[in-house]
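Undergrad: One structure, pasted below without further comment.
The values are calculated or read from the model by the stated rules, or taken from the named source; none is laboratory data. What you are looking at is a predicted structure, and each value in this text was computed from that prediction instead of being measured. Cβ coordinates were reconstructed from backbone atoms using ideal geometry, including for glycine residues, and neighbour counts include every protein chain displayed.
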Amino acid sequence: MSAVETINFTRGVPALESFPTTDLIQCSAAALAANGDAMLQYGPSAGLAPLRAWLADWQGVKPEQVLTGNGSLELVEFLCTALLKPGDVVFTENPSYDRAITLFRRHGLTVIGVPLEADGPNIDALEKLLTQHKPKLFYVIPDFQNPSGATCSGAKRRAIAEIAKKHELLLLEDAPYRMLRYRGAQEPTLFSLVPERTLHMTSFTKLIAPGVRLGFMMGDAAVLAKIGKVAEDTYISPGYFAHGVTLEWLKAGKLAPQIEKLKALYAPRLDACLAALDKYIPDAVATRPDGGFFLSLTLPQGVSTTDLRAAAAKRNLNLADGLAFFPQGGGERFLRLPFCALTPAQIDEGIRRLAECVRDVRGK
Ligand SMILES: Cc1ncc(COP(=O)(O)O)c(C=O)c1O
């Protein structure tokens, strides 16, 4: 009997074939030859100085407005230690990135979800929640949101920026998928709309590879200095070796062609996912993103993600738990589908199996 291939619709991992390995081999040797002493030594926790300067120049801010980290997620950890205390309230979108929710909870924060719609957070609900709570932070993923795939409209971004000003609310804008837009026009970042109230965060995890562990935060220099002090007291300096290699790669002009390569690789995977859903599960309500790593489904009435996962496991199909994305419960029929690490053929087969599982669960 031939083994049935396992298909994973679980976490948002990049495709192995997206990694620019050959370029990174060359850039490692060149970086060590040119800048080896600095790359191999301790240094300021904000990051290797010429990399910080490159990132600042790229983003149109001052170097002291950039704080790098070993990936972006850990910067949220340092932010919580530096700026928040147990019992503080943090707003997230509902649903939101499960690891961020876990991290906030670990700091003893009260996490309140603002209902998320296809075009971003529900603004009326946000305003209502602000009459009931005084959050220290609103964590938002405006572009190709993890887990839903939703992108916040320009109008809602402007509304959030105004609300942040009015309520003196700090926005943490997490944008690791922003540059992976496969079609349509970019919306402005929250950082561009209300820089004085926004910390903007992004990462090279989805642009180069998770292994470089390079993310960065931009914002007010004094706030970043506080967060950087926690980083220093934790790991002294971040991974300068990766900083040197990445800087070499960036200076060699590799970013723009890499983004084009990623779009060419991932856009057909998104299309395959949408086409397979239309073909096999037309009554599931899917988000239809224009980029990123995820789309999400609201399963048909009577089909829970928990039951579906159990049925899927029997068909060598691994699905993620939907509940972890909802800070205050709910999400019983929510299913995230990360499509980037699967080929279009695997996606078609995975959704075909998913449809069988939906039938199994309905027929119970
Ligand atoms: C919204 C979001 N933020 C942060 C991260 C973590 O990124 P990094 O690898 O830079 O820590 C991810 C990874 O999936 C993510 O989806």
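Undergrad: Can you find even one residue in segment 197-212 that is within 15 Å of the ligand (Cβ to nearest atom), of a type in the set (Phe, Trp, Tyr), assigned by TED's automatic domain parsing to the domain that holds residue 36 and in contact (Cβ under 8 Å) with a residue 12 or more places away in the chain?
TA: Checking segment 197-212: at least one residue is within 15 Å of the ligand (Cβ to nearest atom), of a type in the set (Phe, Trp, Tyr), assigned by TED's automatic domain parsing to the domain that holds residue 36 and in contact (Cβ under 8 Å) with a residue 12 or more places away in the chain.
Undergrad: Additional query: Please specify each residue of segment 185-196 satisfying the condition of being within 15 Å of the ligand (Cβ to nearest atom) and either part of a helix (DSSP H, G or I) or touching a Gly at 6+ places or on another chain (Cβ under 7 Å) (or both).
TA: 190
Undergrad: Taking residue 127 as the residue in question, decide whether it is under 19 Å from residue 336 (Cα atoms) and among the charged types (D, E, K, R). Talk me through it step by step, then tell me what you get.
TA: On the way: under 19 Å from residue 336 (Cα atoms): no; among the charged types (D, E, K, R): yes.
Answer is no for this residue.
Undergrad: Residue 18 fails exactly one of the following numbered conditions: (1) surrounded by 15 or more Cβ atoms within 10 Å (Cβ to Cβ); (2) under 13 Å from residue 241 (Cα atoms). What is the number of that condition?
TA: So the condition that residue 18 fails would be (2).
Undergrad: Out of the residues in segment 346-364 meeting the condition of being of a type in the set (A, V, I, L, M) and in contact (Cβ under 8 Å) with a residue 60 or more places away in the chain, tell me which one is surrounded by the fewest Cβ atoms within 10 Å (Cβ to Cβ).
TA: 355
Undergrad: Which count do you get for residues in segment 15-26 that are away from the ligand (no atom under 16 Å from the Cβ) and in a loop (DSSP other than H, G, I, E, B)?
TA: Adding up the residues that qualify gives 1.
Undergrad: Would you mention how many residues in segment 143-155 are without any contact (Cβ under 8 Å) to a residue 60 or more places away in the chain and surrounded by 20 or more Cβ atoms within 10 Å (Cβ to Cβ)?
TA: Total meeting the criteria: 1.
Undergrad: Cβ-Cβ under 6 Å, sequence separation 6+ or interchain: first residue in segment 27-41 and assigned to a helix (DSSP H, G or I), partner of a type outside the set (A, V, I, L, M, F, W, C). Which pairs?
TA: Correct list of pairs: 27/248; 30/248; 31/244; 31/248; 35/244; 39/240; 39/244.
Undergrad: Please count how many residues of segment 236-270 are closer than 23 Å to residue 151 by Cβ and in contact (Cβ under 8 Å) with a residue 60 or more places away in the chain.
TA: 11
Undergrad: Could you tell me which of the residues 69, 47 is part of a strand (DSSP E or B), in contact with a strand residue (DSSP E or B) (Cβ under 7 Å, 6 or more places away or on another chain) and crowded, with 16+ Cβ neighbours inside 10 Å?
TA: 69
Undergrad: Name every residue in segment 48-63 that is touching a Leu at 6+ places or on another chain (Cβ under 7 Å) and either within 16 Å of the ligand (Cβ to nearest atom) or among the acidic types (Asp, Glu) (or both), in order of residue number.
TA: Within segment 48-63, 51 is the sole residue that qualifies.
Undergrad: Taking the condition touching a residue at least 12 places away in the same chain (Cβ under 8 Å) and out of contact with any strand residue (DSSP E or B) (no Cβ under 7 Å at 6 or more places or on another chain), does residue 133 pass?
TA: Working: touching a residue at least 12 places away in the same chain (Cβ under 8 Å): yes; out of contact with any strand residue (DSSP E or B) (no Cβ under 7 Å at 6 or more places or on another chain): no.
No: the conditions fail for residue 133.
Undergrad: Does residue 217 satisfy the condition of being within 16 Å of the ligand (Cβ to nearest atom), in contact with an Asp or Glu (Cβ under 8 Å, 6 or more places away or on another chain) and not in a loop (DSSP other than H, G, I, E, B)?
TA: It is false that residue 217 is within 16 Å of the ligand (Cβ to nearest atom), in contact with an Asp or Glu (Cβ under 8 Å, 6 or more places away or on another chain) and not in a loop (DSSP other than H, G, I, E, B).
Undergrad: Find the helices (runs of 4 or more DSSP H) located wholly in segment 84-176 whose residues include 3 or more that are under 17 Å from the mean Cα position of the chain (by Cα) and either within 16 Å of the ligand (Cβ to nearest atom) or farther than 20 Å from residue 321 by Cα (or both), and list them.
TA: Counting at least 3 such residues, we get 98-106.
Undergrad: Considering 359, 336, which residue is of a type in the set (D, E, K, R), over 15 Å from residue 4 (Cα atoms) and part of a strand (DSSP E or B)?
TA: Just one listed residue meets the conditions, 336.
Conditions tested, residue by residue: (1) within 24 Å of residue 141 (Cβ to Cβ); (2) assigned by TED's automatic domain parsing to the domain that holds residue 53; (3) in contact with a Ser or Thr (Cβ under 7 Å, 6 or more places away or on another chain); (4) of a type outside the set (D, E, K, R).
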{"residue": "266", "(1), (2), (3), (4)": "yes, no, no, yes"}
{"residue": "273", "(1), (2), (3), (4)": "yes, no, no, yes"}
{"residue": "279", "(1), (2), (3), (4)": "no, no, no, no"}
{"residue": "291", "(1), (2), (3), (4)": "yes, no, no, yes"}
{"residue": "298", "(1), (2), (3), (4)": "yes, no, no, yes"}
{"residue": "303", "(1), (2), (3), (4)": "no, no, no, yes"}
{"residue": "311", "(1), (2), (3), (4)": "no, no, no, yes"}
{"residue": "315", "(1), (2), (3), (4)": "no, no, no, no"}
{"residue": "318", "(1), (2), (3), (4)": "yes, no, yes, yes"}
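Undergrad: So which residues in segment 288-322 are among the aliphatic types (A, V, I, L, M) and within 16 Å of the ligand (Cβ to nearest atom), if there are any at all?
TA: The answer is 295, 320.
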